Amino acid sequence: CQASTDFKGCVVARLDRMKSADAESFGVMVAFVLGLVIVVPLLLLIAVASLWGFRQPSDVLAELGVKTTYTRASLPFAKIEAYNELKERIRRQYAGTSDSTWMSMLPTEAKEMLKYSLMQRAIGDVVALRKIEVDTRGYWRLFTKGVVTRTFWNSVVQAEKELSAELEALKAEATHVEPNQDPQGIIYEAMQFVMQHGDKLLQAAEAANGGADPLADILKFMPQPGMTGPPPGMPPGMPPGMPPNMPPGVGPQPVPPPGVQAAVEGDGFSWRQDAEEIEVSVVLPNNATKTEVKVHIQRRLLRVELRGSVILEGQLALPCRPEECTWTLAKGRVTVSMEKADSRPWPSLFSETK
């Protein structure tokens, strides 16, 4: 500015440029600070949300003490192992063939011991079956409402499959021991026993502490192998669990627990009820898949379709709550669980069946 003819104007211009540069620097600094204030908390929030999402639901449920998989209805492994060990000891002593026919040709005493152990195994299976039947209906409702995870529901389904496989193995063993009898009979008899002593099972379960075995307590009521004479009130020659006046060759039927109606058979379906629910079981082909089945439930209507054809349809005798109804498909049978609108007993399933 010293060489300039307009010294004052030059100085003013220089000062203006310096102010402008300072203003720009200040603006940049303010923008940077604001960016830190906004962006950093936002990034932290995203990171926390991501970690929370990864931890849900398993980690968080575990921290809350809620199991993330179904473990309630376990198989009676102790009774299964005890039966297999007894069977192996008897096989070494009496087996004369490589197949299972030796089991049907055992001496009476050895066969009775084997049947006694097999019945203990069957009772353990039925106890597990009663638990998982109730749990499956309840957890299915929770799963459809998003309360439990798919992982948890899949563990329920897996437990049900394992129990089904065990029941089939049980019937196979019963067939080897008594090939001329209906293998389903041992399950019926086990059901009778559990129905009769189920209250003792509940009491033992409540009192169980530190690894006690509630099942062992009710098994004390089983007649010992080789016991002479029938249980009190049982006609001579009739096996335990067989009701009086039962025709020869007909297996005993399970007695429903208090408040539960025995299953009523219909044309291709059966139904039963308790104070809260109606359960309808419809027979389908074994190869039917869930995508081929449609179940329509309204307040006073039930319709079951398979591949576009109506299998069962009718106006319900009394109203239900459609939003609380569920259905499942397994082994050629669809089971519909409908919650009653009130606790009145239904005189029939349908007021009019088509």
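The values are calculated or read from the model by the stated rules, or taken from the named source; none is laboratory data. Quantities reported herein were computed from a predicted structural model and do not represent experimental measurements. Positions of Cβ are generated from backbone atoms using ideal geometry, with glycine treated the same way; all protein chains shown enter the neighbour counts. These area figures cover heavy atoms from the full protein model, side chains too; ligands, DNA and RNA do not enter into them. Shrake-Rupley method; radii C 1.70, N 1.55, O 1.52, S 1.80 Å.
Summary table below
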read-out	value
Cross-chain or 6+ apart pairs with Cβ under 7 Å, the range 145-158 first and under 12 Å from residue 68 (Cα atoms), then among the aromatic types (Phe, Trp, Tyr) and outside any helix (DSSP H, G or I)	152/70; 155/70; 156/70
Scope the range 171-193; condition among the polar types (S, T, N, Q) and either out of contact with any Pro (no Cβ under 6 Å at 6 or more places or on another chain) or closer than 15 Å to residue 124 by Cα (or both); matching residues	180, 181, 184, 192
Residue satisfying all of: in the range 262-282; open to solvent by 80 Å² or more (accessible area, probe 1.4 Å) and over 18 Å from residue 344 (Cβ atoms); nearest to the chain's Cα centre (by Cα) among these	265
Candidates 91, 130 - the one that is part of a helix (DSSP H, G or I), within 24 Å of residue 336 (Cβ to Cβ), among the basic types (Lys, Arg) and open to solvent by 60 Å² or more (accessible area, probe 1.4 Å)	130
Scope the range 283-300; condition β-branched (Val, Ile, Thr), open to solvent by 80 Å² or more (accessible area, probe 1.4 Å) and assigned to a loop (DSSP other than H, G, I, E, B); matching residues	none
Tally of residues being in contact with a helix residue (DSSP H, G or I) (Cβ under 7 Å, 6 or more places away or on another chain) and among the small types (Gly, Ala, Ser) across the range 128-153	1
Residue list for the range 294-312, filter: farther than 14 Å from residue 337 by Cα and either among the polar types (S, T, N, Q) or touching a residue at least 60 places away in the same chain (Cβ under 8 Å) (or both)	309
Test: residue in the range 313-328 that is touching a residue at least 60 places away in the same chain (Cβ under 8 Å), surrounded by 13 or more Cβ atoms within 10 Å (Cβ to Cβ) and not in a strand (DSSP E or B)	yes
The range 158-183, residues that are over 23 Å from residue 102 (Cβ atoms), touching a helix residue (DSSP H, G or I) at 6+ places or on another chain (Cβ under 9 Å) and open to solvent by 40 Å² or more (accessible area, probe 1.4 Å)	160
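Every residue, every condition in (1) of a type in the set (S, T, N, Q); (2) outside any strand (DSSP E or B), yes or no:
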| site | (1), (2) |
| --- | --- |
| 278 | no, no |
| 281 | yes, no |
| 302 | no, no |
| 305 | no, no |
| 338 | no, no |
| 343 | yes, yes |
| 347 | no, yes |
| 351 | yes, no |
